[in-house]
Amino acid sequence: MKTRFEIEPDYADALRAAGLADFDALFNTAPAGPPTSKHRHRETVPIEFDVNGKRQRFFLKRVFKVPGQHSWRPWLRGKPGYSQPVREWDNIKMMREAGLPVMKRVAVGERRMFGIPVQAFILVEDLGMQWTLENWLLPGFPAPPNVLRVDKKSLWFELGKLQRLFREASIDWPDVHAKHIFAELMSDASHWKLALIDVERAIFTPGAYGRNWVHSAAPSHAICVRASTSARYRLFRNAWAPFWQSLAAVRLDDDESNAYGDGLTGNKTAVKSDWTPTKTPWLFRHVPIILPESYIHPRANSIQWKDGIKAANCDRRMLEAIGIKDVQSAFSLTDAQDLHKQGLQRHRDRLKLVSRDDKGGEVALYVKRYREPPVWEQLRRMREADRTHSSAYREYSWARRLLELGIPTMRPIAVGEEMSGWWEQRSFGVAAAVEGESLETITKRWKALPDTRPSTRFKWELIERVAHLVGRLHNNFFFHRDLYLSHIFFSQNSAGKPILQLIDLARMLHKDFWSSWQRWEIKDLAALAYSVPAGLLTRTDHLRFLRARGFMYFLRRHWDDRIRGHAGTDRSELLDVIRRVNRRVAKMARHDAKRAARFARQTAANAT
């Protein structure tokens with residue numbers, strides 16, 4: 001067995017004084033604290049020792065068994081095996097030489113057997129910073145003090161500058177995630193300090209950012225400042241996709257977008273957009289999506305599998321209070337309200353229970369259970385979602401992904417499943433109830449009791465908020481497939497602002513850009529139109545929705561196409577969408593009439 005052990009010269013004396021000057025001392029006997037992250041074959045633990053008479057904090061990443069995908073499988077492709085700690089050690093040196101603000105390395109060790117790595121570790125210095133970009137920019141995370149008063153334009157400038165450094169160094173970093181970038185506001189409150197962690201996957205790749213991003217900054221800058229806001233936003237996202245996906249819930253205003261572009265190009269914005277919101281304010285009107293005050297970002301709490309249930313530790317106590325400790329107990333609940341409805345499939349049931357959270361308040365929980373789904377349901381799940389997970393896990397994962405995008409929906413508490421390979425035996429999901437009442441109930445009350453109808457201004461605002469909620473969903477290529485008003489809940493926060501939340505995500509789909517996704521967009525828009533009570537909305541109201549969702553979408557796309565020299569989107573395309581929505585509404589009406597007649601016959605047969 002061959003052992004590699006290296007120490008940075010600045011830390012050699014300190015490690016020797018602490019008795020950590022060899023592989024075994026650091027890997028096996030180092031006095032470490034509780035793990036900050038733990039996986040199947042590796043963990044990260046904090047350790048402390050004196051450096052030049054001062055106590056300092058470090059992080060030790062240990063890989064107890066190098067997985068085969070890193071150790072021996074590369075040999076099958078004619079490449080040497082590697083371990084993640086050694087690769088991160090080399091990447092830190094490469095990135096620091098390129099001027100990137102990456103963490104400091106201290107020591108590294110690796111053991112190989114017959115040329116194949118079996119164990120490894122890396123010791124790095126603590127950054128001494130508390131807040132990541134998730135804390136500074138994303139709602140639902142613990143936030144730094146006075147975060148709302150901080151001008152973030154300078155932060156976006158530094159982030160653009162950081163991306164430029166990656167581009168100039170031709171380094172591709174697939175893990176460029178908001179949680180891997182620490183940020184600290186300097187004492188003068190005008191400059192930011194950034195630091196990077198977890199860089200083991202970084203790789204030197206000439207041309208990694210594409211032809212338009214490597215050699216010349218001027219052409220891309222010209223496009224950025226002349227294009228519409230959506231075009232600039234799309235250019236930024238395509239250039240550093242994993243980073244923007246981790247900040248999907250963040251919307252940049254024009255000043256922040258220009259600041260990011262200035263940092264990205266190294267030039268000050270000199271040319272203003274010739275398609276400005278001041279010329280067409282109705283086209284660029286943005287109605288923000290308001291999140292509930294109880295919103296918690298899905299990544300804010302650490303979740304793990306235990307006893308067949310995936311949940312956060314803080315939520316497990318709430319589950320135990322209602323008698324759910326494992327999968328078996330979830331299917332043995334007795335003290336629960338049965339929410340059976342006509343037409344619900346036999347292998348499914350729904351329950352409502354009341355539990356208490358950590359603060360002692362009551363929380364209503366909904367439990368959806370699936371028992372041995374039929375073959376056709378199993379095949380549909382395998383085709384439309386993850387083959388290795390159950391029907392309950394499908395809705396659980398959709399809820400988490402929507403919350404990460406800043407789309408309000410029910411908070412997923414837990415999911416449990418019993419699988420036999422790809423075949424689902426049984427599963428259940430638990431979600432917290434959303435506040436308020438459905439738009440279906442509200443609109444029916446407005447229809448039946450005209451005196452309860454709101455003001456015209458409030459109705460128009462609600463229409464625009466629904467349009468922007470649906471737009472956020474579809475622009476990320478998520479499609480609800482049951483987007484009726486009964487599945488959109490309305491409530492108000494303490495400031496009186498309306499909050500809209502989606503529920504019932506069991507049939508949701510995600511289609512990439514190249515798929516035939518428009519049919520699902522038509523289905524969602526038709527479901528909304530069909531569920532509105534007849535005569536409640538005027539023609540002006542329908543046009544207002546189209547302006548906020550459809551008309552704005554097509555005109556923006558038309559302008560972006562013109563900037564790029566492509567043929568513009570014709571007005572007839574929008575009219576064709578309207579006709580397709582109307583045809584789908586008529587089809588839904590026929591389907592519901594047949595369904596109602598079938599239920600009436602079944603009820604009459606049961607009565608006799």
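Filtering the range 516-573 to residues that are modelled with pLDDT under 50 and of a type in the set (A, V, I, L, M) leaves MET552, LEU555, ILE563, ALA567. Failed condition for ARG87, given (1) within 29 Å of the chain's Cα centre (by Cα); (2) surrounded by fewer than 22 Cβ atoms within 10 Å (Cβ to Cβ); (3) assigned to a strand (DSSP E or B), with all others met? The one condition ARG87 does not meet is (3). Counting the residues of the range 351-398 that are basic (Lys, Arg) and under 19 Å from ALA312 (Cα atoms) gives 4.
LEU235 - would you say it is modelled with pLDDT under 75 and either basic (Lys, Arg) or assigned by TED's automatic domain parsing to the domain that holds ASP151 (or both)? It would help to see each step written out before you state the result.
Values: modelled with pLDDT under 75: yes; either basic (Lys, Arg) or assigned by TED's automatic domain parsing to the domain that holds ASP151 (or both): yes.
Spelling it out, LEU235 is indeed modelled with pLDDT under 75 and either basic (Lys, Arg) or assigned by TED's automatic domain parsing to the domain that holds ASP151 (or both).
TYR11 fulfils the conditions (1) assigned to a strand (DSSP E or B); (2) in contact (Cβ under 8 Å) with a residue 24 or more places away in the chain; (3) crowded, with 17+ Cβ neighbours inside 10 Å except for a single criterion, (1). All told, ARG251 meets the bar of being surrounded by fewer than 18 Cβ atoms within 10 Å (Cβ to Cβ), modelled with pLDDT of 60 or more, in the same structural domain as HIS191 (by TED's automatic domain parsing) and closer than 25 Å to ALA467 by Cβ. Taken together, the residues in the range 435-470 that are of a type in the set (A, V, I, L, M, F, W, C) and in contact with a helix residue (DSSP H, G or I) (Cβ under 9 Å, 6 or more places away or on another chain) amount to 9.
Reported count of residues in the range 67-86, each being closer than 22 Å to LEU26 by Cα, out of contact with any helix residue (DSSP H, G or I) (no Cβ under 7 Å at 6 or more places or on another chain) and modelled with pLDDT under 95, is 2. Scanning the range 149-181 for residues that are under 29 Å from SER302 (Cβ atoms), crowded, with 20+ Cβ neighbours inside 10 Å and of a type in the set (A, V, I, L, M) yields LEU155, LEU159, LEU162, VAL176, ALA178, ILE181. Screening the range 320-342 for residues that are of a type in the set (Gly, Ala, Ser) and without any contact (Cβ under 8 Å) to a residue 60 or more places away in the chain and picking the one that is nearest to GLY308 (Cα to Cα) gives SER329. Do we have any residue at all in the range 468-487 that's closer than 14 Å to ALA527 by Cβ, of a type in the set (Ser, Thr, Tyr), under 30 Å from the mean Cα position of the chain (by Cα) and assigned to a helix (DSSP H, G or I)? Yes, the range 468-487 has at least one match.
The values are calculated or read from the model by the stated rules, or taken from the named source; none is laboratory data. Just so it is clear, the model here is predicted, and its values are computed rather than measured. With ideal geometry, Cβ positions are generated from the backbone for all residues, glycine too; neighbour counts draw on all protein chains shown.
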